[in-house]
Structures are given as structure tokens and as C-alpha cells.
1. Any residue at all in region 238-245 that is of a type in the set (Asp, Glu) and surrounded by 16 or more Cβ atoms within 10 Å (Cβ to Cβ)?
2. Taking Ser190 and the conditions (1) in a helix (DSSP H, G or I); (2) of a type in the set (S, T, N, Q); (3) open to solvent by 20 Å² or more (accessible area, probe 1.4 Å), which numbered condition does it fall short on, given that it satisfies the others?
3. Can you pull out the residues in region 160-187 that are at pLDDT 95 or above and outside any helix (DSSP H, G or I)?
4. What's the number of the only condition in (1) closer than 19 Å to Arg277 by Cα; (2) crowded, with 16+ Cβ neighbours inside 10 Å; (3) touching a Phe, Trp or Tyr at 6+ places or on another chain (Cβ under 9 Å); (4) not hydroxyl-bearing (Ser, Thr, Tyr) that Asp96 fails to meet?
5. Look through Gln223, Gln302, Gln215 and report the one residue that is out of contact with any helix residue (DSSP H, G or I) (no Cβ under 6 Å at 6 or more places or on another chain), in contact (Cβ under 8 Å) with a residue 40 or more places away in the chain and over 15 Å from Ile61 (Cα atoms).
6. Looking only at residues in region 70-92 that are among the β-branched types (Val, Ile, Thr) and part of a loop (DSSP other than H, G, I, E, B), which one is most open to solvent (accessible area, probe 1.4 Å)?
Amino acid sequence: MLVNGQWQQRWDPVQQQDADGRFIRQNSAFDGRLKGDLDAYVGRLRLYVGYICPWATRTLIARSLLGLESQIPVRVVDPVLTDFGWCFGDYPGSSDPQLEEVQYLHQLYTATDPHYSGRATIPLLWDRQQQRIINNESADILKIFNDDLRPWHQSELDLMPKGLEPEIEAFNASIYHRFNNGVYRAGFASSQQAYDEAFAEVFDTLDGLEAHFSQHPYAVGEQLTESDIRLFVTLSRFDVAYHGLFKTNLRQIQDYPALSAYLERLLAIEAFADNTRIDHIKAGYYSIKALNPTGVVPIGPQLPWFRYLKEGV
């Protein structure tokens with residue numbers, strides 16, 4: 001946690017709570033977009049991510065789907081959070097710390113704003129020339145990649161196609177609080193009431209999604225959209241992390257036939273499979289001392305859809 005540009009305390013997974021013990025997520029602080037002549041941005045953009053993080057993985061999947069991998073290099077933090085937040089270390093698949101200009105991600109925040117107060121989160125889109133954060137909100141970065149950088153990638157894929165925008169926004173809203181953030185609200189609840197509320201909403205949402213995918217191939221319409229990315233990142237972490245560590249243990253995704261088939265359809269697409277690192281996900285979540293003080297990482301589960309992932313991850 002940074003206060004007026006200074007690191008003040010050890011990293012804590014619980015950002016804020018209300019009076020009844022409900023987990024409250026911090027809002028993102030940097031909301032820039034790419035405007036004007038895009039040629040001016042060539043060679044300047046860098047994406048900072050962690051494979052553990054569902055919000056960061058959203059941006060990685062979009063970057064791959066839209067063909068931006070050569071234009072936007074990536075830096076990957078270690079999955080295990082330190083007392084000083086995200087860092088660059090030697091975990092396999094993370095960026096080489098010897099090649100980084102900083103040791104801790106929070107140093108990028110104070111480089112952008114020396115008086116910044118708040119958490120240092122991923123993902124973030126970095127301007128290498130101006131040495132500042134452009135944006136640290138995954139939903140915005142998806143729009144930057146899909147819309148602002150369309151002259152670069154000219155992809156046939158549109159993650160927010162005209163005519164489907166209202167449905168996409170409605171779907172995104174329907175899953176964010178109750179599912180994407182719902183698992184965190186359950187896992188970081190500090191009262192039984194707060195946990196019970198979040199738990200019920202998570203499984204009400206999963207029941208509704210199972211019914212939806214029993215009849216539809218995608219989240220919205222008949223094509224891949226931003227909504228599929230948003231849903232995938234939580235589904236793919238559910239059985240390996242949220243079910244056990246976050247106590248959302250009524251059922252697993254593998255207990256839902258339609259959702260399981262949907263998850264496998266997406267994983268058959270390289271952009272989804274290549275950006276899903278189960279080793280990082282498990283190592284990162286099970287390093288949260290507040291929830292797992294021993295730091296022991298479970299060996300299982302072994303899931304059918306693991307066959308889509310690279311060997312060893």
C-alpha cells in the first residue's frame with residue numbers, strides 16, 4: 001500500500017471492508033486512452049501482467065486474439081506476492097529480473113505520480129518513452145486494444161461489435177459483482193453474513209450460466225466477444241483455486257456439463273490456452289498467508305481441460 005508515494009505496510013489481500021465485513025475492491029487510478037497519431041506510440045507501449053491475476057489475463061488474451069503480440073511486449077511479475085506487493089523474481093515463466101528497471105511494481109506507480117496513494121495493481125499499460133502509466137484498468141485496456149489500436153491490428157475480430165454493445169455491457173455487469181468479484185467477496189469476507197451472501201450469488205450465477213450455455217455457444221450472440229474473455233478468466237481459476245481457498249465449494253465447474261464444454265471450447269483457441277498458467281495461478285493464490293498460512297500448494301485437481309495447456313503448466 002502506497003501513501004503519498006511511500007510504501008507504508010505489508011501487502012494485505014483485503015483492500016477495504018464495510019461495517020458488515022464485506023470485501024470492497026479498490027477503483028483503478030489511471031484511465032488514459034490512446035489518441036491522435038498512433039505512429040507516435042510505436043515502440044512505446046509495454047503491458048505489465050501476472051498470470052495469476054484474472055484481470056491481467058483478460059488483457060493477455062485480448063492481446064493475443066487481436067494480433068498485438070509483436071507490437072506490445074509483456075513483462076510478467078512473479079505469482080507470489082511479497083510484503084511489498086508484486087515483484088520481479090525467478091519463478092519460471094516470469095520476466096527476468098535482471099532485465100527490469102524496477103524490482104517492485106509499485107515503483108512504476110511512484111514514477112508516474114510521486115505522491116500516489118493506493119494499491120499497486122496489475123495489469124497496467126506503460127508508456128516507455130514518457131515513463132508513466134497510461135492505464136491500469138483491465139476493462140479500459142481491452143477497449144484500448146480492440147478500439148484505439150484497431151489501425152495497428154486491423155483484426156476481423158471485434159470484441160465489442162456494433163449492435164451487441166448493450167447486451168455485452170449487460171452481461172458483463174451481470175457477472176462482475178456476483179461472479180468475477182463474487183469469488184473474492186466470498187474468499188475475503190470477514191463475517192459469516194458477508195460470506196453467505198457472496199456464496200449464494202456465486203452459485204446462483206453459475207446455475208444461470210449453465211442454463212444459458214445449454215442453449216448458446218457464446219456469452220452474447222453467436223460470436224466471441226469481450227464477455228467471453230471476462231467469464232473465462234474466472235471459470236478457469238475456479239476449480240484450481242476458488243473452490244478450495246475461497247470456500248466456494250458447493251460445486252466445481254466440472255460438475256456443470258454445459259459450462260465445462262464451453263470452457264473447453266475456449267481453451268481450444270490458442271489465445272486462451274497459451275495465456276492460462278495453472279502453475280502461476282496455484283502458486284500465487286496459495287501464497288496468500290491470510291488464507292493459507294502454511295503456504296502449502298495442493299497437487300490437484302487434475303482436470304480434463306488441462307490437455308489444452310502447455311506441458312508443465
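The values are calculated or read from the model by the stated rules, or taken from the named source; none is laboratory data. This one's a predicted model, so the numbers in the text were calculated from it and none came from an experiment. Backbone-built Cβ (ideal geometry, glycine too); neighbour counts: all protein chains shown. Ligands, DNA and RNA are excluded from the accessible area calculation, which covers all protein heavy atoms including side chains. Shrake-Rupley method; radii C 1.70, N 1.55, O 1.52, S 1.80 Å.
1. There is at least one residue in region 238-245 that is of a type in the set (Asp, Glu) and surrounded by 16 or more Cβ atoms within 10 Å (Cβ to Cβ).
2. Failed condition: (1).
3. Scanning region 160-187 gives Met160, Pro161, Leu164, Asn181.
4. So the condition that Asp96 fails would be (2).
5. Gln223
6. Filtering first and then ranking leaves Val80.
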